1. For A:1, A:85, B:61, A:42, what's the fewest-to-most ordering of other Cβ within 10 Å of each Cβ?
2. Give me the lysines in straight-line cross-link reach of residue B:43: C-alpha distance below 24 Å, same-chain residues under 8 apart excluded.
3. Working from the alpha-carbon coordinates of the stretch A:32-168, get Rg over Rh, Rh being the Kirkwood radius.
4. Across the residues of B:103-109, average count of Cβ atoms on other protein chains within 10 Å?
5. Dimensions of the stretch B:135-247 along principal axes (Cα, Å, largest first)?
6. If the viscosity is 0.692 mPa s and the temperature 37 °C, what Stokes-Einstein diffusion coefficient in µm²/s follows for chain B when Rh is the Kirkwood radius over Cα pairs?
7. I need the phi-derived Karplus couplings for the stretch A:222-239: 6.51 cos²θ - 1.76 cosθ + 1.60, θ = phi - 60°, integer Hz, Gly and Pro marked x.
8. Give me, ordered by chain and number, the residues 5 or more places off residue B:201 or on other chains with an amide H under 5 Å from its own placed amide H.
Amino acid sequence: MKRSQRIALAVLMVLLAAAPLGLKNYGIYLLTLWCVYVMAGMGLNLTVGYAGQMSIGHAAFLGIGAYTAAILMKLGLSFWLVLPMAAVLCFLVGLVIGFPALRVQHHYLAFATLGFNVLTYLFFRNEEWLTGGTFGISGIQRPAFFGLSLERSAAFFWFAYGSTILLALLLWWVIRSPWGRAFAALRDNPIRAESLGVNITAYTLLAFAIGAAFAGIAGAYFAVLVQFIEPAPFHLTASLMMLLMVIVGGSGKFFGPMLGAAIVILLPEWLRFLKDWYLVIFGLAVVALMIWLPGGLLSIPDRWKKA
Amino acid sequence: MTPFLEVKDCVKHYGAIRAVDGVSFAVGPGEIVGVIGPNGSGKTTLFNSILGQIKPTAGHMEFCGEDITGMSPLKLSRRGIGRTFQTLQVFGKLSLRDNLIAAAQEFKDSLAGRLFAAPDAGLGQQADEMIELFRLEHVAHLPAGSLSYGQQKLVDIAMAFMARPRLVLLDEPCAGVNPALVDELRELLSKLNQSQGGSFIVIEHNMEFIMRLCPRVICMVEGKVLAEGKPEEVQSNRAVLEAYLGN
């Protein structure tokens, strides 16, 4: 990254941190929701963008993380204990869900992950004894951070924002390590990768598991942000929305999910002045983007260079 | 000479088609063996059978005394067997330098150890030396997919040697390479053979290239070995002339 880009990034980060000072509660809620989807999106970007594995079941992991946090916190466990548990559980489920990827690819894999999403959604909806069914689980308490209350929306945003930065640094470290290069080799040419000693079984499973763990963490934050969970936010539509975030921002680009989540979460809100037309305009904007910028918004600089 | 790689009665059938039909040969340590033959004679199928890309119908293969028949490409690579493919096989979005590092990093540390290793896995200098040897310095940091066909072919070949394999199977290394570079490529392969000491098996249609590079040549026709020997012997073999080289 060039020096000018680093400065721009630092300025943007400071502006984002200061944003709650000039926003009402709903605006701060949306920014916090953006953080949650950035966490999940970064995981999906690792699975889809860096390792080249198709997944349209990511909302299932978000749901598993959210329900794990909600159920265990209702039983009296601390958020700080529940958070790693949600991550580890999703990591393990992600490992299992990675197995179909060893057999099938592309749209076949997409349907396998879709099936998993449908199954988890049905589980959340029908296993009322555990999940509360369609009534969901309410009254989830926000945690305290070293004695500081996170009940206020601004305080919780800063907490989620800091956590998002920490997760981004963790992802940066993973993709800068030889693992990142192995994921890219798996994505670009698995047959050649294997002939060069890349254990494609291990890296495929890891790509799913790490991506799922990120979504599990995001799910735990989602539960304490909304303080009420029910199955709807973890439906297939949410998986498609997260995939859209990754693709719109730039699949396989580090800042892709950040930009993509901003477009998918925030743009519809900014377009609300269009009243009944806002979702129509948003849909058309996405269609146009996919036609002219299939590499996502972050592919614009590459396009300029080529032009 | 003690065989390094020994292929005994390798057979690969696709239904009624006998792509490889009882091929046997051996390769010694440090030896370069050429494999020639018309299109469809079973050369690449033989390679893929040795290298675990396809399962041979019958036959037996040994590498350094170990049975490697049907072993996966991953296990073979761990035993020091490398390859190039007939078609280009680079990691298009990675830079040329990263392609070379990716080609050897998995032989360093454990899986967990690689997560904590330096970003270049300690292979940066070795990659730079390979880039210099192949004279690709000016494109080292470009995505491999953006390079010309000839440059990608050189990257493809260089990748096969990054992990210093003991045996390398090269499938048509000259295909698509500018004729002016063919001699240079031959010299590079000779240098690598001397410096790394590995054995090579080379499939190639460029007869001048193969006759000058390989002290021993095998000619395959219709899945069988038609002739084997020194290049000049094979070149003047009547059956080879009739079936492949012509008069």
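1. Working: A:1 8, A:85 16, B:61 22, A:42 29.
By the 10 Å Cβ count, ascending, the order reads A:1, A:85, B:61, A:42.
2. Once the sequence-local lysines are set aside, what remains near residue B:43 is B:8, B:12, B:55, B:75, B:153, B:224, B:230.
3. Numbers: Rg = 16.2 Å, Rh = 16.3 Å.
Across the stretch A:32-168, the Cα-based Rg/Rh ratio is 0.99.
4. Working: counts 7, 2, 9, 11, 2, 2, 1.
Partner Cβ neighbours, averaged per residue: 5.
5. Principal-axis extents of the stretch B:135-247 (Cα, largest first): 50, 27, 24 Å.
6. Values: Rh = 18.7 Å.
Using the Kirkwood radius from Cα pairs, D works out to 176 µm²/s.
7. So the Karplus estimates, Gly and Pro as x, are 4, 4, 7, 6, 7, 6, 7, 10, 8, x, 3, x, 10, 6, 3, 4, 5, 5 Hz.
8. Distant-sequence amide H within range of residue B:201: B:33, B:168, B:169, B:170.
Just so you know, all these numbers are worked out from the coordinates, no wet-lab data involved. Just so it is clear, the structure is predicted and the values come from calculations on it, not from any experiment. With ideal geometry, Cβ positions are generated from the backbone for all residues, glycine too; neighbour counts draw on all protein chains shown.
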